[in-house]
1. Looking at (1) buried (at least 16 other Cβ atoms within 10 Å of the Cβ); (2) modelled with pLDDT of 90 or more, find the lone condition where Gly91 falls short.
2. Do we have His164 as closer than 17 Å to Leu379 by Cα and open to solvent by 20 Å² or more (accessible area, probe 1.4 Å) here?
3. For the list (1) crowded, with 21+ Cβ neighbours inside 10 Å; (2) touching a His at 6+ places or on another chain (Cβ under 7 Å), I need the number of the one condition that Cys37 fails.
4. Checking Arg190 against (1) more than 20 Å from Gln385 (Cβ to Cβ); (2) out of contact with any Phe, Trp or Tyr (no Cβ under 6 Å at 6 or more places or on another chain), which test does it fail?
5. Of the conditions (1) modelled with pLDDT of 90 or more; (2) assigned to a helix (DSSP H, G or I), Ser354 fails just one. Which one is it?
6. Restrict the check to the stretch 131-151 and report whether at least one residue is touching a strand residue (DSSP E or B) at 6+ places or on another chain (Cβ under 7 Å), open to solvent by 20 Å² or more (accessible area, probe 1.4 Å), closer than 30 Å to Val100 by Cα and not in a helix (DSSP H, G or I).
7. Go through the stretch 346-378 residue by residue and tally those that are more than 23 Å from His173 (Cα to Cα) and touching a strand residue (DSSP E or B) at 6+ places or on another chain (Cβ under 6 Å).
8. Output the qualifying pairs, or none if there are none: Cβ atoms under 6 angstrom, residues six or more apart or on different chains, first residue in the stretch 49-64 and free of Cβ contacts under 8 Å to residues at least 40 places away in the same chain, second residue open to solvent by less than 30 Å² (accessible area, probe 1.4 Å).
Amino acid sequence: MTMMEGGASYGPYFDPDYDSLIERIHPPRVCIDNETCEGCTLVKVDSANRHGILLDMVQVLTDLDLVISKSYISSDGGWLMDVFHVTDHLGSKLTDPTLVRYIQQSLVAERSGVGPGEVRTCLGKLVGPGHQLASEHTALELTATDRPGLLSEISAVLTELACHVVGVHAWTHNERAACIAYVADRATGRAITDTARLAHIQDQVDSVVGAHQGPGERRWVRMFGPFPGRVHTERRLHQLMREDRDYEAGPPPPPADADQFAAANIEVRRNGWPSSSSMGMETRASIDSWMERGYSVVNIRSRDRPRLLFDTVCTLTDMQYLVFHAAVSSHGPLAIQEYYIRHMDGCTILDTESERQRVTRCLVAAVERRVSHGLRLDLCTRNRQGLLSDVTRAFRENGLSLTRAECTTRGETAVGTFYVTDAHGGEVDPERMEAVRREVGGSFNLEIKENPGWPPVKTSKDPSPSRRNNNPEEDRPKFSLGSLLWSRIERFSSNFGSIKS
């Protein structure tokens, strides 16, 4: 590149319309297959590749409250082919024509110019245009040291400043907290856009957050007006916590076995589905190098739960890593993930120990931020001004601490999920929850989960013990990509059937 007078520069010319030309010549194909597998729907996507497209697809599925139990991902050159095994949260296939049409239109919307309408998920949430809090409302973003009563104090000051909270997401991890609250003007119900008022709200919230922090403790508070194309809320929470370096605390994560797919399949074939209590559920991650192909191979082993694939792919994408191939599978309460990645800067191998440690720490943190600790409270009540402030104040006054919160409004109704512990992180006395219920009013549904996770323990459908393979040579773990990923991709590539896009 040559520098010209005045600081201008020039370089090779790249036609900005080239990628869209390729997609017009080879439009994406989406197939919703309910015939191949008995217990789930297969969502198959065949498309031109681009950075971030995998995250976009996973985000569409998870926003619809769908559970991805398995996924096979392959991209080579400028093309990709991905297969997702999907059910709704109730374990049912996707048979609603409106939902199927929404998925098809969403996965090809940018390329076809045809946007999706709206659809209601199995959990009652409306998804689609007109239901995007992130783009339509003023946003408060913050990170700070976690402490009991933090969200209560934030919501109280917002109420005092004539702000109505229409939605809030809060996560805690490694004694750090991140929160995104969407607010509107209390009098008009519209987004707040006045820069002086935004600055005043930001200063007041910052003062409240910093009031109980010690010297040198970091915090970050910002107010943003509405704008289209704002980053997805949960993706933004991951970004905030990673920028806050929540992943640095604690020892390095234990390594995951490189042959974990084969080992898990052998264990299931021999002994059936494992129970949560019979196996270690500590999150493990490791990175190896496949020098011959120029890949870094990421292995992650953790407790299975909804949105796990989104959290992992989101982190890899935001750290500027490209996923070329991947296989993800759940084995009862256990989830196994394997990714073949390269960095966007052309560095194909993570060849330093410090960089491998940083990536594994970030991935383990992404898995564990959404792990649910404490007593779960499901809120459903009539929406009103100051509701979040009242609910969180009741938690604080009864000695409860929030570990995770998600609350939003649906018309005249407010719905939310809160996970609470006592002030020291211990179990909650049910009598305290009854006191909260009486103080707040409305409809509270309480649910205690001794071992938060997904899915319920299943009975193996594998052959009886007498028919299981007892040959140690055949039971020996094989290289997972060759034995699992490629065979699956080849199988599904020849079985796309009738495709509607």
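1. (1)
2. In short, no.
3. (1)
4. So the condition that Arg190 fails would be (1).
5. (1)
6. yes
7. 3
8. The qualifying pairs are Asn49/Ser75; Asn49/Leu80.
The values are calculated or read from the model by the stated rules, or taken from the named source; none is laboratory data. Fair warning: this is a prediction, and the values are worked out from it, not measured in the lab. Using ideal geometry, Cβ is built from the backbone for each residue, glycine included, and neighbour counts are taken over all protein chains shown. Areas reflect the complete protein model, heavy atoms only, side chains present, ligands, DNA and RNA absent. Shrake-Rupley method; radii C 1.70, N 1.55, O 1.52, S 1.80 Å.
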